[in-house]
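Report on the following structure.
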């Protein structure tokens with residue numbers, strides 16, 4: 001077996017609708033821009049949409065990997081991969097949501113271990129549930145990026161998650177405040193958010209990263225950060241995404257409390 005070469009990064013949140021899937025794709029594009037080989041694992045097992053977002057048809061999914069591995073049919077990890085381009089591959093979520101309940105979480109960890117032999121970075125998109133699969137992933141990955149927006153319910157849920165992590169003495173995470181998700185909602189100031197969470201905000205995406213024409217990107221299967229003018233049009237936020245990408249590769253994911 002090849003020596004592990006990659007790092008793993010899981011995007012997680014306290015509520016849905018914070019932009020995790022969009023940001024996962026954006027980070028994949030940033031990693032491609034610095035010539036890093038990327039695998040996106042779509043671990044929203046009952047509702048993943050990475051392949052749909054990039055207009056890529058697929059035959060095999062994480063369900064097929066688990067089923068084959070469990071029944072001694074597994075041969076090559078790449079048999080379950082969908083190619084986006086020369087740098088970005090995808091391990092899709094199940095086509096049928098009912099298959100999600102048939103996936104033993106221990107095989108998710110095996111899939112991650114195998115992926116790290118072939119890719120510089122494994123990006124994991126998840127749903128926001130603290131279920132067994134996500135708990136296994138959060139424990140297994142190198143780094144975690146908590147994504148949140150300026151929303152009362154989101155803040156409450158994120159505060160609870162951070163409390164759990166502190167109790168477990170886990171600090172391999174950073175926090176991203178995504179103000180582009182709901183640019184017209186500003187419930188709290190940054191100072192208020194830090195006080196509520198009792199934690200620092202490590203990264204901030206501004207409301208200038210809000211895309212009115214996001215639907216056109218999805219319909220055309222495009223990744224925003226791979227567009228030729230992205231670095232100039234979204235200069236500040238592109239720089240933030242690049243910093244996240246470099247920090248995570250360098251293992252600078254440890255978070256300090258406020």
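The values are calculated or read from the model by the stated rules, or taken from the named source; none is laboratory data. In this text the structure is predicted, and so the values were computed from the model without any measurement. In this analysis, Cβ positions are derived from the backbone assuming ideal geometry, glycine residues included, and neighbour counts consider all displayed protein chains.
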Consider region 79-98. How many of its residues are out of contact with any helix residue (DSSP H, G or I) (no Cβ under 7 Å at 6 or more places or on another chain) and not in a loop (DSSP other than H, G, I, E, B)?
5
Just to confirm my filter: which helices (runs of 4 or more DSSP H) fall fully inside region 17-78 and include at least 3 residues that are under 11 Å from the mean Cα position of the chain (by Cα)?
20-33
Flag for residue 169 being assigned to a loop (DSSP other than H, G, I, E, B) and farther than 20 Å from residue 13 by Cβ:
yes
For residue 177, are the conditions met, namely being assigned to a helix (DSSP H, G or I), touching a helix residue (DSSP H, G or I) at 6+ places or on another chain (Cβ under 9 Å) and surrounded by 12 or more Cβ atoms within 10 Å (Cβ to Cβ)?
no
Can you name every residue in region 111-143 that is over 16 Å from residue 170 (Cα atoms) and out of contact with any strand residue (DSSP E or B) (no Cβ under 8 Å at 6 or more places or on another chain)?
113, 114, 117, 127, 129, 131, 132, 133
Can you tell which of 123, 137 is within 15 Å of the chain's Cα centre (by Cα), assigned to a helix (DSSP H, G or I) and either at pLDDT 95 or above or surrounded by 21 or more Cβ atoms within 10 Å (Cβ to Cβ) (or both)?
137
